[in-house]
Amino acid sequence: MPPTAFLLSIAGLGISLAGFSGLVAALRRGTQWKPLDVYRLRQIPEMGLATSMLAMASFALGETIGSAPAAIRYATVVAAAFTLSHVVVLSVRARRMGIRLTSTNFWTAGILDIALIAVAGVSLWQASAASYEWLLILFLARPRRSWQRQRAGCSGFAAPGRDPRIRTPLAPGLYITMANQFRDTACRLLRIGQMSEAKARCGGPVPG
């Protein structure tokens, strides 16, 4: 099973990505939403929260089953099943909303999904911590890519009380703040994981 610090970091980063989508939605309140914006902002929390749930469920699976390889295989099956079903859901949603993805977006997402399924196959075969870590990284890369595309296409937001057609550019400082929050969350979770591992090794409370 991957280290505690790694699993907690993946869980925290997934929740952070889901929160960032809500922040963008709040900042763009009052504007006319494009179907593509709605499409992306819906899938980011879906994938981000699924990543966090999978990382946290790894602890429960390991404790319940009592075998790390078996827990990794069960978690891998869940990750692969979610990815395949989510791809179908996104395809149906895009067709219903009349969204046509560019060839670049289509192939980028397709390659990422294929890579995830391929790594899931390796994880099922080897049931090693390394293969499962790569699976979680690719699982996190899906909402991260959607967030990057949404940020690139987010030209601005309407200030409260102003004409929605008058758009105020998003300040670069906002993205710096988001990046700092993303980094701080990862560092905080890494420290928690390191303290938990030190406590488990020492068999008692961590000094200081």
Review point. Can you name the condition, by its number, that Gly121 falls short on among (1) at pLDDT below 90; (2) surrounded by fewer than 17 Cβ atoms within 10 Å (Cβ to Cβ); (3) farther than 14 Å from Met47 by Cβ?
Key: (1)
Review point. Within the group Thr31, Thr76, which residue is at pLDDT 85 or above, of a type in the set (Val, Ile, Thr) and either more than 18 Å from the chain's Cα centre (by Cα) or within 16 Å of Pro2 (Cβ to Cβ) (or both)?
Key: Thr76
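Here's the yes/no breakdown for (1) at pLDDT 90 or above; (2) surrounded by 19 or more Cβ atoms within 10 Å (Cβ to Cβ); (3) touching a helix residue (DSSP H, G or I) at 6+ places or on another chain (Cβ under 9 Å):
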{"residue": "Leu41", "(1), (2), (3)": "no, yes, yes"}
{"residue": "Pro45", "(1), (2), (3)": "no, yes, yes"}
{"residue": "Met53", "(1), (2), (3)": "yes, no, yes"}
{"residue": "Ala57", "(1), (2), (3)": "yes, no, yes"}
{"residue": "Thr64", "(1), (2), (3)": "no, no, yes"}
{"residue": "Ala68", "(1), (2), (3)": "no, no, yes"}
{"residue": "Ile72", "(1), (2), (3)": "yes, yes, yes"}
{"residue": "Ala81", "(1), (2), (3)": "yes, no, no"}
{"residue": "Leu84", "(1), (2), (3)": "yes, no, yes"}
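Tally time: how many residues in the range 83-120 are assigned to a helix (DSSP H, G or I), in contact (Cβ under 8 Å) with a residue 24 or more places away in the chain and over 15 Å from Arg142 (Cα atoms)?
The first filter runs over the range 83-120 and keeps only residues assigned to a helix (DSSP H, G or I), leaving 83-96, 103-120.
This time we only want the ones that are in contact (Cβ under 8 Å) with a residue 24 or more places away in the chain, so: 83-84, 86-87, 90, 93-94, 105, 108-109, 112-113, 116-117, 120.
Filter again for over 15 Å from Arg142 (Cα atoms), leaving 93-94.
Selection size over the range 83-120: 2.
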Practice item. Taking Met1 as meeting all but one of (1) surrounded by 15 or more Cβ atoms within 10 Å (Cβ to Cβ); (2) hydrophobic (A, V, I, L, M, F, W, C); (3) in a helix (DSSP H, G or I), write down the number of the exception. Key: (3)
Study note, to complete from the structure: By residue number, the members of the range 39-82 that are polar (S, T, N, Q) and in a helix (DSSP H, G or I) are Gln43, Thr51, Ser52, Ser58, Thr64, Thr76
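The values are calculated or read from the model by the stated rules, or taken from the named source; none is laboratory data. It should be emphasised that the depicted structure is a prediction, and the values quoted were computed from it without experimental measurement. No Cβ is skipped: glycine too gets one built from the backbone with ideal geometry, and neighbour counts run over all protein chains shown.
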